[in-house]
Amino acid sequence: MTGERPNTALELTLLLILSALWGASYSFIKIGVETIPPVTLIAARTAIAAAILAGIIAWRGMALPGDAGSWRRFLFQACLNSVIPFTLIAWAEQTTAAGLATILNSTSPIFAFLMTAFITRHEPVLGRKLLGVALGLIGICLIVGIQALGGLGQQLWAQLAIVAATVCYAGAAIFGKTFKGLDPIMPAAGSLACGGIILIPVSLVVDHPWALSPSWASISALLGLSALSTALALVIYFRLVQTLGSVGATAQSYLRVPIGMAISVIFLGEAVSPVAWLGLACTVFGVAAMTIPARQQVEPARV
């Protein structure tokens, strides 16, 4: 990315698209793990997505970096952004209630903010962003329903696995800033290739995928998960990390829920409670506070 000021409207549109793509991933995973074990599903997800992006890179006449330093960074990013969180979430979704999983999955902006404020300090941490993080989380709880928190602690290890995954996502958003200057497709393809290299041998040992009989529904879900919620989504994500910043890019975690709510209203005719509308307003204001750049003050002209 260049040093030009980003087009805020374009970046926010891409943030909405990313939220929809990653929001759909939970449905894809739910269908996929019905007949495909979690490790094999995620291994296939990363390998297929990496192959798609590698083909696009070749079609564009480009080439992945060949230096060892870049591939070490791709490997570390793969662990933070795909290998560990993808596997944890796929495993945890087998036993965690959907509402509680949604709330836990939306906490990555909190960890990104805390890491940025107290550890890395790689970008300005404004009170406005802290307000946005708090408003967004409150909004998610209101939309999903506070009662969803009633299951907190009942499937403790699965819930901790989801929280650990969100911490990984927060770290990935911060580490992703190190790819500044690269076309966003490069870290996306490189990290996915590394993820596939790690996960495929594990899948072969643990799941014996040649003995599986996945349903067509699970295979279709895997293809959608790979092409849309992984390959396309990660290219958008690495762009947003550079344009909106680490905390801003994680705001997509909050937007997934109202997007799902909008889909249910438009296509399923479901009713929305006044409390959910209040939650939607909190979420929108929270995301705006986290992502929209502050106006730069203009110094008065000197006479």
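Odds and ends about this structure:
- Counting charges near Pro38 (Lys, Arg +1; Asp, Glu -1) among other residues having Cβ under 13 Å from its Cβ returns a value of -1.
- Taking each DSSP H run with n ≥ 4 as -39500 (n - 2.57) and averaging over every residue of the chain yields -22000 deg cm²/dmol at 222 nm.
- In the complete set of protein chains, residue-level accessible area for Ile138 is approximately 90 Å², probe 1.4 angstrom.
- The stretch between Gln94 and Val275, if pulled fully straight at 0.36 nm per residue, gains 62.3 nm over its current Cα-Cα span.
- Diagonalising the gyration tensor over the Cα atoms of segment 7-136 and scaling each eigenvalue by 5 before taking the square root yields semi-axes of 26, 24, 16 Å, largest first.
- Asn7-Lys30 FRET efficiency (beta carbon distance; Förster radius 51 Å; 0.05 resolution): 0.90
- Mean separation of Cα contacts under 8 Å (6+ apart) over length of segment 135-257, as relative contact order %: 47
- Using only Cα coordinates, the Kirkwood hydrodynamic radius of segment 166-248 works out to 14.5 Å.
- Relative contact order, whole percent, for segment 1-117 stands at 31, derived from Cα pairs under 8 Å and 6 or more residues apart.
- Accessible surface area normalised per residue over segment 1-103 is 46 Å², counting heavy atoms of protein chains with a 1.4 Å rolling probe.
- Inter-part distance, segment 123-140 to segment 172-217, computed on C-alpha centroids, equals 31 Å.
- Dipole-positive endmost among Phe113, Ser191, Gln94 within segment 44-201 (Cβ charges, Cα centre): Phe113
- Nearest-10 value in Å² for the accessible area of Lys30, using the 1.4 Å probe: 90
- Tyr26 accessible area, assembled protein chains, probe 1.4 Å, Å²: 50
- Largest first, the three principal axis extents of the alpha carbons in the chain are 79, 51, 36 Å in whole numbers.
- With R₀ fixed at 41 Å, the C-beta to C-beta distance from His122 to Ala63 puts the FRET efficiency at about 0.90.
- Sorted on the mean count of surrounding Cβ atoms within 10 Å across their residues, most packed first, peptides 189-196, 32-39 read 189-196, 32-39.
- Highest average packing first - 63-75, 80-92, 10-22, 238-250, Cβ atoms within 10 Å: 238-250, 80-92, 10-22, 63-75
- For the chain: relative contact order, % (alpha-carbon pairs under 8 angstrom, 6 or more apart): 39
- Fraction of accessible area attributable to carbon and sulfur, the chain (%, probe 1.4 Å): 70
- Entry comment: accessible area of segment 107-216 is 49 Å² per residue, from protein heavy atoms only and a probe of 1.4 Å.
The values are calculated or read from the model by the stated rules, or taken from the named source; none is laboratory data. Computed from a predicted structure; not experimentally measured. Note: ideal-geometry Cβ built from the backbone for every residue, glycine included; neighbour counts use all protein chains shown. Areas reflect the complete protein model, heavy atoms only, side chains present, ligands, DNA and RNA absent. Shrake-Rupley method; radii C 1.70, N 1.55, O 1.52, S 1.80 Å.
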